[in-house]
Amino acid sequence: SDLRAVDNVGNSTECIPQDPVTVDNDKPYPTDYTRLDQSVVYKRADLFSVTGADDLSGMYSASILLDGTPFTAMGKNVSIELGALGNGTHTISFVLTDNAGNVYDSKDDPNVGIITFSVDSEPPAVVLSKPEDGEYVNQSLTAEGTASDNIGLAKIEYLIDSSKTAEKTISGKDASFSKELDTTGLTDGTH
């Protein structure tokens, strides 16, 4: 761009010509982001990431807003671990900024919006009341106890010597279970 200064009597001075400037009025856009499913409960190791692009000026920063708190990385991508959050329901959105200052906000995009998801990083608790430690059994044994989980239970798996021998679907946050297990195929001794 050129610049000229003129005083009250008409004297003028021209500025040394500058390199041309490039106009970029287009917002950056996401090229990839983690699609979170509202029907899935995420665990400790799950990540959310977003990558942005800008065709003219390039990406300046990418931010993830997790429950309204921003986590920003310089450049075109950013990711966070979902399991570091507390248990429960959370919201996530993201903001991309290009080098010209244009901003893309996912919450304003009808195809993305604010994403709601749930985290459960607590494993269920289980108490085995039968068989008792050191009990002698022949032919079968009864495995009995209770299980609980802060979000909800899905199943009980019965294992002998670390091998699954049976399973039962359960539901709710608290459940009792009882199953007779065949021991006739086991060798004599401790299992």
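Rule-based calculations on the coordinates, nothing more; no lab input. Computed from a prediction, not measured in an experiment: that's the story for all the values here. With ideal geometry, Cβ positions are generated from the backbone for all residues, glycine too; neighbour counts draw on all protein chains shown.
Lysine pair count for the chain with Cα-Cα distance under 28 Å and sequence separation of 8 or more or different chains is 21.
Our summary gives the stretch 92-191 a relative contact order of 22 percent, counting only alpha carbon pairs under 8 angstrom and 6 or more residues apart.
Of all the options V21, V103, V119, the one that moves most in a Gaussian network model of the chain with Cα springs shorter than 10 angstrom is V21.
With unit charges on the beta carbons (Lys and Arg positive, Asp and Glu negative) and the dipole taken about the Cα centre of the chain, which residue among V78, G101, H191 sits farthest to the positive side? Going by the charge dipole, the pick is H191. Where does the charge balance sit around L56 when Lys and Arg score +1, Asp and Glu -1, over other residues with C-beta under 12 Å from its C-beta? Net charge in that neighbourhood comes out at -4.
In order along the stretch 28-39, phi translates into HN-Hα couplings of x, 8, x, 9, 6, 8, 5, 7, 8, 9, 5, 8 Hz, rounded to whole numbers, per the Karplus curve 6.51 cos²θ - 1.76 cosθ + 1.60 with θ = phi - 60° and x for Gly and Pro. Only Cα pairs under 8 Å and 6+ residues apart enter the sum, and on that basis the relative contact order of the stretch 7-102 stands at 30 percent.
Around the Cα centre of the chain, unit charges on the Cβ atoms of Lys, Arg, Asp and Glu (plus for the first two, minus for the last two) sum to a dipole of about 280 debye.
Exposed loop sites here are trypsin sites (Lys or Arg not before Pro) assigned a DSSP state other than H, G, I, E or B and surrounded by at most 15 other beta carbons within 10 Å; excluding them, the longest clear run of the chain is 45-172. Taking other residues whose beta carbon is less than 12 angstrom from the beta carbon of P30, and scoring Lys, Arg as +1 and Asp, Glu as -1, yields -1. Other residues whose C-beta falls under 11 angstrom from the C-beta of T91 contribute a net charge of 0, scoring Lys and Arg +1 and Asp and Glu -1.
Can you tell me which of D108, D120, D54 moves the most in a GNM of the chain? Springs connect C-alpha atoms under 10 Å apart. Comparing D108, D120, D54 in the GNM, the peak value goes to D108. Its relative contact order, with pairs defined as Cα atoms under 8 Å and 6+ residues apart, puts the chain at 15 percent.
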